[in-house]
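First comes the structure, then the notes that go with it.
Rule-based calculations on the coordinates, nothing more; no lab input. Small disclaimer: the values here were computed from a predicted structure and weren't measured. Using ideal geometry, Cβ is built from the backbone for each residue, glycine included, and neighbour counts are taken over all protein chains shown.
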Amino acid sequence: MKLPFKKIYSKIPSGIICLVVVFGLFIYLASRMGTPNMLNTIMNTAHDLLLNTVFYLMAICVITGALGRVLVDFGVVTLLEKLLRPLMKPLFNLPGVASLGAVMTFLSDNPAIISLAQDKKFSAYFKKYQFISLTNFGTAFGMGLLVVVFMVGQGFYSEPFIGLIGAVCGCIVSTRLMQHFVIKEYPNYKDEDVCVTVKVEDEDKSMEDKPIFQRVLDALLDGGRTGVDVGLAIIPGVLIISTLVMLLTFGPSASGAYTGAAYEGVELLPWLAGKINFVFEWLFGFEDPHLVAFPITALGAVGAALGLIPNFMTAGWIDGNAIAVFTAIGMCWSGYLSTHTAMLDTLGYRKLTSKAIIAHTIGGLVAAFIAHWLYVLYSLIFVI
């Protein structure tokens with residue numbers, strides 16, 4: 001008689017499965033790269049991420065935190081709430097003020113939404129299930145301006161904006177799916193407010209008595225201080241998860257040998273994706289299997305994914321469809337595997353990380369799918 005899986009699992013001593021997975025992964029990596037090279041690559045990748053990615057993200061958090069607090073304190077939030085409520089509610093099931101988060105993340109990066117979320121004046125507009133979905137909502141617009149400008153700089157003009165439309169559609173799916181998961185897991189979150197609005201209003205009245213210069217200075221310093229806290233909070237998630245993704249995504253050095261340098265790896269994820277390349281060809285219109293490397297790399301870092309494009313163009317693998325799909329999935333995913341955990345941890349809802357990742361994975365695939373078929377339609381209408 002077969003025992004149910006849960007009973008079998010319960011009979012395994014605590015920690016055994018963890019040890020098997022961890023040691024199995026390290027043995028696999030060491031057998032491919034060599035133990036010294038593997039350890040050096042892990043340390044060098046984490047060090048480079050700390051210097052060139054984490055501190056960059058921290059700077060974004062500080063600047064957007066300060067700017068966001070100024071916009072909040074001087075009534076921009078209230079104005080956006082009134083103007084965009086008819087659009088935000090039916091599309092994303094979010095209050096109009098959430099559009100400020102979309103703008104801030106589009107101009108900067110994913111963690112900018114967390115700087116705003118930490119502000120009680122901003123979060124007072126949200127129910128708990130909406131507040132938690134801000135992680136997915138903000139990530140879908142992360143580094144949007146950078147991605148669009150980069151694609152335009154490669155000589156593609158209409159395709160990036162087709163991808164932008166796809167990213168918005170993917171954001172709708174991801175945000176609403178996350179809200180569904182949260183309500184299903186915690187039904188009471190549907191009616192619970194994040195914080196008490198009355199306290200925010202009282203604080204507004206006291207601040208109006210201060211001189212304008214003092215209000216601006218306080219807003220900049222308080223918002224920047226919040227950004228520092230958020231920047232520190234994202235360090236573990238970025239270093240640990242992103243380093244792992246890089247190891248599984250990238251290959252050896254240009255010479256084909258492992259040297260222990262940063263961003264070397266075993267190319268496991270591209271190899272797995274190559275086994276189902278026909279799926280990507282049908283869904284996204286990819287004409288070359290190498291193009292699968294972009295969405296896989298975008299899981300961990302969209303900046304690294306963008307770095308693939310010049311080489312893809314040199315090899316002749318890139319067409320207009322690929323640019324539209326890359327823009328959509330690059331914006332929507334925006335390295336979410338390396339930031340989602342840290343962002344939800346900062347908000348205090350780490351337990352919902354798996355739900356957020358599932359929802360955003362689906363949202364990114366929808367974004368790319370819509371971008372592909374929008375490009376097909378565009379080609380039929382405008383391309384002779």
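As a proxy for reagent exposure, H340, H180 were ordered by neighbouring Cβ count within 10 angstrom, fewest first; the result is H180, H340. Taking the Cα of V376, stepping 7 Å toward and past its beta carbon, and measuring to each backbone N in region 320-334: which are under 18 Å? The answer is 320-329.
If I fit a long axis through the Cα atoms of helix 212-233 and take the longest principal axis of the Cα atoms of the chain, what angle between them do I get, 0 to 90°, rounded to 10? The answer is roughly 30 degrees. Taking the average, over residues, of other Cβ atoms within 10 Å as the packing measure, peptides 131-144, 19-32, 255-268 rank 131-144, 255-268, 19-32 from highest down.
The distance linking region 48-68 with region 127-155 is 16 Å (Cα centroid to Cα centroid, whole angstrom). In terms of other Cβ atoms within 10 Å, L49, L220, L83 run from fewest to most in the order L83, L220, L49.
Counting other Cβ atoms within 10 Å as a rough exposure proxy, the listed residues W333, W282 run W282, W333 from fewest neighbours to most.
Model label sites at D288 and L83, defined 7 Å from Cα along the beta-carbon direction, differ in position by 4.3 nm. Computed from Cα positions, the angle between helix 144-153 and the longest principal axis of the chain comes to roughly 50 degrees.
Share of pairwise Cα-Cα distances greater than 32 Å in the chain is 38 percent (whole percent).
Placing pseudo-labels 7 Å out from each Cα toward the beta carbon at D229 and E185 gives an inter-label distance of 2.3 nm.
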